[in-house]
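Presented below is the structure to which this report refers.
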Amino acid sequence: MNLFKDLRIVYYFIKRYFRVWTYFKVNFVLELIQVVIDLATMAIIASAAGKYISYMLKAYGGDYFAFIVLGLVCNQLLSVALTAPRSAIEDAFWGRRIEILFSSPVNPTFLVTAFSIGPIVRESVKTLIYLLTAILLGLSTKPLNILSTVVFFTGFLACMGIGLISASTLYLLEAKGGSDPVNWIASIVARLLSGLYYPLNILPEWCRWLSLIVPHTYVFDAERRILLGSVSGESSLPIHSVFVALGFSPVLADLVLLAIYAGVVLPLSYYLIRKGFEKALRDGRLSWWS
Amino acid sequence: MSKDIVIVNNVYKSYPKYKRFGPGTCLGQAHWILATIFRMRKEGVVEALKGVSFRVKRKEIFAIVGPNGAGKTTLVKCIGALLLPDKGYIEVDGVNVVEEPLKAKKRMNLVGSGYWGGFDWSLSLEENLQLFALLYGYDFKEAKRRAKEVLDIVGLSHKAKDNPTKLSSGERQRLALAKGFIADVPLYLIDEPTVGLDPVFAKQIRDYIKTEMKKRGITVIFTTHFMHEAEYLADRIAIIKDGKIIALGTADELKAKFTRGKVVEIKAYNVYEDALNKIKSIEDIIHIDVFHRSYGAETLLRILTRNPLETLNNVLDILLMYSSTILYANISEPTLEDVYRAIVGEEYG
Amino acid sequence: MDKYELKRGGFRIVLLVALETLKTRLLKAMFFPIIFTLSLIDIVIGTLAYYLMAIFVEGGMNRYISAYGITYPEYLLVAIIGDILAGLFLYSFYEAIGMGYWGCETDLYITSPVGLKGMIMGSLLTSLVWNTLAVFTLLSFAAILGIPLHLENLPQVLEVLAIGLLPFLGLGLISASTFTLMNAKQGSPITWAINIAQRILSGYYFPVQLLPGFIRPLSYILPHTYFYEALRLAVSKGIWLHSYYHLLHPLLIQIAILLPLGVVLFKYSLIKAEKTGDLSRWT
């Protein structure tokens, strides 16, 4: 693999993605405004209700606005890792470009990864706007450090793995109707049970165990502890107790679990997506039109 | 270096036919549930290729012709590594296509036909072609240069900055050809090169393939429905029907092998059904095509026959018996189209 | 009479086409019953997420909504359901044109003697069925969670819907006209802008009084503000809209402006599309 040649291809895909994103100028501007408005809405709710519920956020520093912002910021990027590979293939599939791209001498898995970078860059731009807006609205956190970066990056890789598995279902399960079981389950659990809008201790015990199936849970918990609360402190996830008994802090427990998650899911995802393409080539279903 | 650039040996390809879950072909969210829980039921297979074997020499222009559904596109896709054959062996420039598809793809370029030809509406024509050049490993400067060059060749340089949505269907086909010319590869696979093009530009493209590509020593495998195109361009022609190659050779070889006759051409007014039925029952006739201008008015009969003089006399007798007015009659050599229709068994009229 | 004139009356044909469009769209949507169910589940999941958030912040938010006599989760649920109902008119016209265009159906209708009326009406009926189902699902979900539905105030709620949804009809027509007038084929910027604004300004998540003073006046421009308020008062206290002038009058003014404007713009957009071929995908 020639890195410079591959980077040139990635550049073109990003260029193309941004061209599409900004093609409808009004929509583009509104999308960015929505980021600001969503955050402002949360800020108002947090300022109205925050001081009455801060006792429930002890492990995370007690500031509900900061709690929500960190959750939304992390969720933004984790979600795109979850959805980008699949939506990239679907875009090429329904746009009748997939065959002509796959007829070129470029590894299909590389193509899928390259397609996914555009949405990731886009969400990064939106995340930056999120953060700037949040700072203007009074967000206060500890400074970013290596630990928080490593935690986030590991979580991102884990989500990317799930995203590639989700993409593989396009061909393995013929799930072309806009959704697939992997993405569907992951996004429901992430939305409801990962602690995005509220801490997990308000949920029943069985829900907290269920929340462990998505990487979001660990990322939210760890990032909030590192940047808002304290690295050690009381456990919030059911599995923490095992690690705490061994002398690990909850943050370290989250990091170890994320690393195991990514270590299992990533190779599995590459295997499945290769199998998916092989099946598509065998069945003649790579493209909708022949 | 082998003298054959493409070797196709005993290739079989079939497609599974799945039970449809409902009207239309949209596979919705529910399909994955139904497919995994209830196990998608195969209703059978569609055999697209049944033991296809042939070789294409280097620098040869090779045509694959056949009726709709014969397996032409399936065959081209198998060679182009877009489909995995069930059985058999395919080699391109010494590389096994099934085992090393990426290495094989570096040696060939697939040019599709169809609505968009795989182009992105958000990029200009130039940018689309630059992307394809990058996919073939060229750097930015070289990609830009090639994109300009191929747009000149296909006569679209004045629209270089437009996006594909602004092109007419013929221009899109030209753009698809431009994509094909972008990379320096020894083999081009072209699916219907002149479909949708006006006659003037279609001739330009054919001439380009026949002269320029020949000069550059490029091997071309193309599919077409136009027999005159295959006859004009191709060094050799393969006729495929129902997944099998039923004829292979130069145009002259095919005509000599499959016709052994001549074509009797008769144009007449008021050729009715009864007269036609009687004509069709004449023994020496290999194949007959009937072209009606409008029923009962001017009709052209092209009759491929082993015994042209006797057939001519018999047909004229029948037509006169049924009060048709003969406009003209002629005996000529069969064209490749006559051969094709005789072999494939298609009849018009 | 010209032998090619339609044998039956114009409106009957339009209605028949509309019903046929409705049947086709519903058949497509419901042929895979699981898709349909999953889509309804998605609505419930989304609402559940907000409901859980509402439970979490209830302790702090209840003091700001004490005037309604309902809890914060109920407060939010009324807004969610109101939004779905408002969306019936706000999005349906645009969706009707958009689905027809992207589904390559508009050519079929445009080249027929009936035109687009039947297709648009059929799409509206489909949205009506879908939105009604979605609301019913949410109400059932609320009942399961033990949230009181205040069914005794149903007549007051119906009055709010009858009057309060009309401004959205006007806005929906204006939004649909942008498909051709502004070439907005990837979503109407007007609807999007209104949707963004209403989330923060209309009392959806919190009473308008919590907004900073300098932006509070903006909330009085949106019909959502009055609609949600009227709906909450009708649900929780059984207050009739016609007796609450400070909600009724702004709604009536908005109806008087938006409805005729929407009709005129929408008609004009269709006439323009006929001249420019904007709704045809046949190239």
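Here, each number is a calculation from the coordinates, and none is a lab measurement. Keep in mind that this is a model prediction, so the values were computed, not measured. Counting neighbours? That spans all protein chains shown, and the Cβs are built from the backbone with ideal geometry, glycine included.
Relative to a virtual label point 7 Å from the Cα of residue C:181 in the Cα→beta-carbon direction, which members of region C:255-283 show backbone nitrogen distances below 15 Å? In region C:255-283, the label zone of residue C:181 (backbone N under 15 Å from the point 7 Å along Cα→Cβ) covers C:257-274. Sorting the Cα pairs of region B:261-333 by distance into bins of 5 Å, from 0 upward, gives 3, 19, 34, 27, 14, 3 percent per bin. To the nearest ten degrees, helix C:72-102 and the longest principal axis of the Cα atoms of chain C are 10 degrees apart. Sequentially through region A:82-90, phi angles give Karplus couplings (6.51, -1.76, 1.60; θ = phi - 60°) of 6, 9, 4, x, 5, 5, 5, 5, 4 Hz, Gly and Pro residues having no value and appearing as x. Compute log10 of I(q)/I(0) for chain C with the Debye formula, placing one identical point scatterer on every Cα and leaving out solvent, at q = 0.08, 0.13, 0.15 Å⁻¹, to two decimals. Listed by q, the Debye log ratios stand at -0.39, -0.96, -1.21. Taking amide H positions as modeled 1.01 Å from N, with prolines and chain starts lacking one, the residues under 5 Å from residue B:60 and 5 or more places away or on another chain are B:220. Of the chymotrypsin sites (Phe, Trp or Tyr not before Pro) in region C:147-223, the ones in a loop by DSSP (not H, G, I, E or B) with at most 15 other beta carbons within 10 Å are C:214, C:220.
Panel order for A:30, A:78, by other beta carbons found within 10 Å of each beta carbon, from fewest to most: A:30, A:78.
The count of lysine pairs in chain A with alpha-carbon distances below 30 Å, taking only pairs 8 or more places apart or on different chains, stands at 18. Over the Cα atoms of the protein assembly as shown, the radius of gyration divided by the Kirkwood radius equals 1.04; this is the Rg/Rh ratio.
Near the amide H of residue B:190, within less than 5 Å, lie the amide hydrogens of B:111, B:221, B:222, B:223, all on another chain or at least 5 residues away, with H placed in the peptide plane. FRET efficiency for the pair residue A:271 and residue B:168, taken as 1/(1 + (r/R0)^6) with r the Cβ-Cβ distance and R0 = 41 Å, rounds to 0.35. In region A:242-290, if every C-alpha pair distance is counted and binned at 10 Å from zero, what percent goes to each bin? Binned Cα distances yield the sequence 23, 25, 19, 16, 12, 4. Counting alpha carbon pairs within less than 8 Å and at least 6 residues apart, what relative contact order, in whole percent, applies to region B:240-328? Value for region B:240-328: 36 percent.
Phi angles across region C:42-59 convert, under the Karplus curve 6.51 cos²θ - 1.76 cosθ + 1.60 with θ = phi - 60°, into 3J(HN,Hα) values of 4, 5, 5, 4, x, 5, 4, 4, 5, 5, 5, 4, 4, 4, 5, 9, 3, x Hz, Gly and Pro given as x.
Set the Förster radius R0 to 35 Å, insert the Cβ-Cβ distance between residue B:328 and residue C:111 as r into 1/(1 + (r/R0)^6), and round the FRET efficiency to 0.05.
Using R0 = 35 Å, I get an efficiency of 0.25.
Taking the Cα centre of each part, how many Å lie between region C:15-66 and region C:241-258? For region C:15-66 versus region C:241-258, the Cα centre distance is 28 Å.
Pull out a ≥ b ≥ c, the square roots of the eigenvalues of the alpha-carbon gyration tensor of region B:153-211, then state rounded if a/c is under 1.5, prolate if not and a/b is larger than b/c, and oblate in the remaining case.
oblate
Oblate is the label for region A:108-220, because a/c, from the alpha-carbon gyration tensor with a ≥ b ≥ c as root eigenvalues, is 1.5 or above and a/b does not exceed b/c. For residue C:129 and residue A:23, what does the FRET efficiency come to when R0 = 30 Å and r is the distance between their Cβ atoms, rounded to the nearest 0.05? Result of the calculation: an efficiency of 0.35. Overall dimensions of region C:18-101, expressed as equivalent-ellipsoid semi-axes from the Cα gyration tensor (√(5λ), whole Å, largest first), are 35, 16, 9. Amide H contacts for residue C:280 (H built 1.01 Å from N in the peptide plane; partners 5 or more residues away or on another chain; cut-off under 5 Å): none found. Summing charges over all other residues whose Cβ lies under 13 Å from the Cβ of residue B:151, with Lys and Arg as +1 and Asp and Glu as -1, gives +2. When the Gaussian network model of chain B links Cα atoms closer than 10 Å, the mean-square fluctuations of B:122, B:53, B:14 top out at B:122.
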